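Have a look at the structure below, then the notes.
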Amino acid sequence: MSEIKNLEPVTMDTITAKLMTHIVATATERFGEDGKSAVQAGIQQVIDEQQAEMDGQLQEDLLFSFEKLFDSEQIEETLRAYNAKREEADREPYTMFAIMAKLFAHIAKVMVESFGKEEGEQVMMDSVGAFGEERGRDIARRAAAVGKPNTMENYLSNYDMGRSELFEYETYFHPTEIEQSFTKCAFAEQWKKDGMEDYGILYCHMIDPSIAKGYNPNFEVVHDQYVLREGTCHFRFQMKDESGTSE
């Protein structure tokens, strides 16, 4: 039998659709229709920004409307059309990393303004937690598909999101943990560019620990430095045994 190869990375269109689904579900569960309206208002801010950058000349098929953001194919088509229009105007295209960062930050901003800092931030972090755990379960299934258990050693090799030149990092494999340091992050760069660091960091607080938990309940992440604060994201991935100590 030939060796089974690792699965292809999940597209950012699919990842964005999953994030949006969890944000709407969590906001609606917490705040009812007002929560859904807050999500829509955040998306509208991104649409307004799109139009402002292009002098109000964008047609509906070029805008990231609420209805499109739960379907990966519609997201992909919208970004392709939007970037084609930007290139016609001699403007730099956007990556899906940047668009996802913008959507998250603007929705978080509206949540905080609508429901207060504590509740607004919490609903965003809870939505990222649910989103991250779903991704972690998917990573465990990806590992199982190539005959690997959901252990520490098989986590990064079966990770769902592809790493591009938009991320710069180093990985160190130690006997009892994996250590990573990121000096460049596509999400963080967009949040810094937009002055949205206070909202973007809500995503950073939750995403990696949640993915690890979904992958294996005993897998934990110590995230003690952030690109948005210290200029570097530093992670220590550790598998705990049943007693709660590192193996």
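The values are calculated or read from the model by the stated rules, or taken from the named source; none is laboratory data. Note that the structure is a prediction, hence the values are computed from the model and not measured. We place every Cβ from the backbone using ideal geometry, glycine too, and count neighbours over all the protein chains shown. Side chains included, ligands, DNA and RNA excluded: accessible areas come from the protein's heavy atoms. Shrake-Rupley method; radii C 1.70, N 1.55, O 1.52, S 1.80 Å.
Below, the figures for the structure above:
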read-out: Bins of 5 Å from zero: percent of alpha-carbon pairs in the chain; value: 1, 6, 12, 17, 19, 16, 13, 9, 4, 2, 1, 0, 0
read-out: Under 17 Å, Cα to Cα: Lys pairs in segment 108-247, sequence gap 8 or more or different chains; value: 6
read-out: Loop-located chymotrypsin sites (Phe, Trp or Tyr not before Pro) in segment 26-132 whose Cβ has at most 15 other Cβ within 10 Å (DSSP); value: F70
read-out: Approximate spin-label separation K193-E77, in nm, with each point projected 7 Å along Cα-to-Cβ; value: 2.6 nm
read-out: Net lengthening on full extension, T232/F66 (0.36 nm per residue, minus Cα-Cα); value: 56.4 nm
read-out: Mean separation of Cα contacts under 8 Å (6+ apart) over length of the chain, as relative contact order %; value: 20 percent
read-out: Distance between modelled label sites at Q44 and S157, nm, 7 Å Cα→Cβ extension; value: 5.0 nm
read-out: Between 0 and 90°, nearest 10: helix 117-145 axis offset from the chain longest Cα axis; value: 50 degrees
read-out: Peptide ranges 122-129, 186-193 listed from the most packed, as the mean C-beta count within 10 angstrom indicates; value: 122-129, 186-193
read-out: Where only alpha carbons of segment 75-120 are counted, the Rg and the Dmax (Å); value: 14.5, 43
read-out: Around L58: net Lys/Arg minus Asp/Glu count, Cβ-Cβ under 13 Å; value: -4
read-out: 0 to 90° range, to nearest 10: angle between helix 96-115 axis and the chain longest Cα axis; value: 80 degrees
read-out: Convex hull volume per residue in cubic angstrom - Cα atoms of segment 119-247; value: 110 Å³
read-out: Binned Cα-Cα distances of segment 138-204, short to long, each 10 Å bin given as a whole percent; value: 18, 36, 34, 12, 1
read-out: In sequence order, calculated HN-Hα J values of segment 18-28 (Karplus, 6.51, -1.76, 1.60; Hz; x Gly/Pro); value: 5, 4, 4, 4, 6, 4, 5, 4, 5, 5, 6
read-out: Within the accessible area of segment 131-247 (1.4 Å probe), percent carbon and sulfur; value: 47 percent
read-out: Accessible area per residue, Å², the chain with all protein chains present, probe 1.4 Å; value: 49 Å²
read-out: Potential lengthening between E179 and A145 on full extension [0.36 nm per residue; Cα-Cα distance subtracted]; value: 9.7 nm
read-out: Debye equation applied to the C-alpha atoms of segment 42-177, log10 I(q)/I(0) at 0.12, 0.15 Å⁻¹; value: -0.68, -0.95
read-out: Dipole magnitude of segment 145-247 about its Cα centre (Cβ charges: Lys, Arg +1; Asp, Glu -1), debye to nearest 20; value: 200 debye
read-out: Rg/Rh for segment 1-117, where both radii come from Cα atoms and Rh is the Kirkwood radius; value: 1.06
read-out: Value of [θ]222 nm, deg cm²/dmol, for the chain, DSSP H segments ≥ 4, -39500 (n - 2.57) each, nearest 500; value: -18500 deg cm²/dmol
read-out: Whole-number percent relative contact order across segment 29-176, with pairs defined as alpha carbons under 8 Å at least 6 apart; value: 19 percent
read-out: Helix axis angle, 33-53 relative to the chain longest principal axis, alpha carbon, degrees; value: 70 degrees
read-out: Accessible-area composition of segment 1-109, carbon plus sulfur, in percent [1.4 Å probe]; value: 47 percent
